[in-house]
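Here is the structure we will look at, set down as structure tokens.
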């Protein structure tokens, strides 16, 4: 285990508001985890009552991340990862997938949620050859993220930038584009960008459920069109099959076929 860029705060639990549902805890609930509260289960159940398919989306999103990391390590030769919007630890976290294949891989996780911070030690176990670190920072502050990540990652070598289900929390689309550009500008040629987010215009029931969630008092999550998600990759070289519904991105050949879901993602190389 390496020293984190920001040490988990023992007082973080005291900052957790258990009266308002939170997306990371609800996502954990849908994935079958235990790091959630009654208010999160209620919000999660209300969501699934309108749109049961959200559980499939959550699990498909996790599978997409795992396959992205596997591709980056085995085919692209990436050994460094910057994972922003980490969420609560669950199965197949980025460092687990990467270090199973390449023990020397180095990973920096970024989140600013008190509950994620309280559980950050679960994300900091590393192989002796590699390293993991946790940065307490907001996606809205890319300069802080980059400065802190430089304590663990070598920015002269390619890095895999992971933005999984986080850009929807940036309400202004132009601001989200600007954040992605700022982060990419700091990465060298040969780096990769992985993005997946809920997609607008693909499932009316999903949009209805998301609208209800956004009125619950939780931090809103903004669905975006497939074209908007694709535009995050402008100027980059998309890996086949491009931006697609997440279960259809290089699916495991032995896995059962999954119908398209209302979440799209892709992976692209910085020239």
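The values are calculated or read from the model by the stated rules, or taken from the named source; none is laboratory data. On a predicted model such as this, the values are computed, not experimentally measured, just so you know. Note: ideal-geometry Cβ built from the backbone for every residue, glycine included; neighbour counts use all protein chains shown.
Of everything in the range 40-83 that's modelled with pLDDT under 95 and either in contact with a strand residue (DSSP E or B) (Cβ under 7 Å, 6 or more places away or on another chain) or part of a loop (DSSP other than H, G, I, E, B) (or both), which residue is nearest to residue 105 (Cα to Cα)?
Checked the range 40-83; the qualifying residue nearest to residue 105 (Cα to Cα) is 61.
Please specify each residue of the range 84-106 satisfying the condition of being in contact (Cβ under 8 Å) with a residue 12 or more places away in the chain and not in a loop (DSSP other than H, G, I, E, B).
Passing the criteria: 84, 94, 95, 97, 98, 99, 101, 106.
With the structure loaded, tell me whether residue 144 is farther than 22 Å from residue 196 by Cβ and surrounded by 24 or more Cβ atoms within 10 Å (Cβ to Cβ) or whether it fails that test.
Criteria not met by residue 144.
Checking the conditions here, which among 195, 145 is in a strand (DSSP E or B) and either over 16 Å from the mean Cα position of the chain (by Cα) or in contact (Cβ under 8 Å) with a residue 60 or more places away in the chain (or both)?
The match here is 195.
Looking at the range 204-216, which of the residues that are in contact with a helix residue (DSSP H, G or I) (Cβ under 9 Å, 6 or more places away or on another chain) and surrounded by 14 or more Cβ atoms within 10 Å (Cβ to Cβ) is farthest from residue 37 (Cα to Cα)?
Applying the filter and picking the extreme gives 206.
Identify all residues within the range 211-224 that are under 14 Å from residue 171 (Cα atoms) and touching a residue at least 24 places away in the same chain (Cβ under 8 Å); write none if there are none.
218, 219, 220, 221, 222, 223, 224
If you take the residues in the range 107-119 that are modelled with pLDDT under 90 and either touching a helix residue (DSSP H, G or I) at 6+ places or on another chain (Cβ under 7 Å) or part of a strand (DSSP E or B) (or both), which one is nearest to residue 64 (Cα to Cα)?
116
Of all the residues that make up the range 121-142, how many are at pLDDT below 95, part of a helix (DSSP H, G or I) and under 13 Å from residue 83 (Cα atoms)?
Qualifying residue count for the region: 1.
Within the group 177, 182, which residue is more than 22 Å from residue 80 (Cα to Cα) and within 18 Å of the chain's Cα centre (by Cα)?
From the options 177, 182, the qualifying one is 177.
Taking the condition of being under 16 Å from residue 22 (Cβ atoms), at pLDDT 90 or above and not in a helix (DSSP H, G or I), how many residues in the range 210-231 meet it?
2
Would you check if there is a residue in the range 121-129 being in contact with a strand residue (DSSP E or B) (Cβ under 9 Å, 6 or more places away or on another chain), in contact (Cβ under 8 Å) with a residue 12 or more places away in the chain and crowded, with 24+ Cβ neighbours inside 10 Å?
yes
For the list (1) under 28 Å from residue 57 (Cα atoms); (2) modelled with pLDDT under 80; (3) not in a loop (DSSP other than H, G, I, E, B), I need the number of the one condition that residue 13 fails.
Failed condition: (1).
Looking at (1) more than 23 Å from residue 269 (Cα to Cα); (2) in contact with a strand residue (DSSP E or B) (Cβ under 8 Å, 6 or more places away or on another chain); (3) surrounded by fewer than 22 Cβ atoms within 10 Å (Cβ to Cβ), which one does residue 139 not meet, given that it meets all the others?
(1)
So is residue 260 touching a strand residue (DSSP E or B) at 6+ places or on another chain (Cβ under 9 Å), surrounded by fewer than 17 Cβ atoms within 10 Å (Cβ to Cβ), modelled with pLDDT of 95 or more and more than 22 Å from residue 173 (Cα to Cα) or not?
Against the criterion (touching a strand residue (DSSP E or B) at 6+ places or on another chain (Cβ under 9 Å), surrounded by fewer than 17 Cβ atoms within 10 Å (Cβ to Cβ), modelled with pLDDT of 95 or more and more than 22 Å from residue 173 (Cα to Cα)), residue 260 does not qualify.
Taking the range 180-192 as the search range and keeping residues that are touching a residue at least 40 places away in the same chain (Cβ under 8 Å) and out of contact with any strand residue (DSSP E or B) (no Cβ under 9 Å at 6 or more places or on another chain), which one is surrounded by the fewest Cβ atoms within 10 Å (Cβ to Cβ)?
Of everything passing the filter in the range 180-192, 188 is surrounded by the fewest Cβ atoms within 10 Å (Cβ to Cβ).
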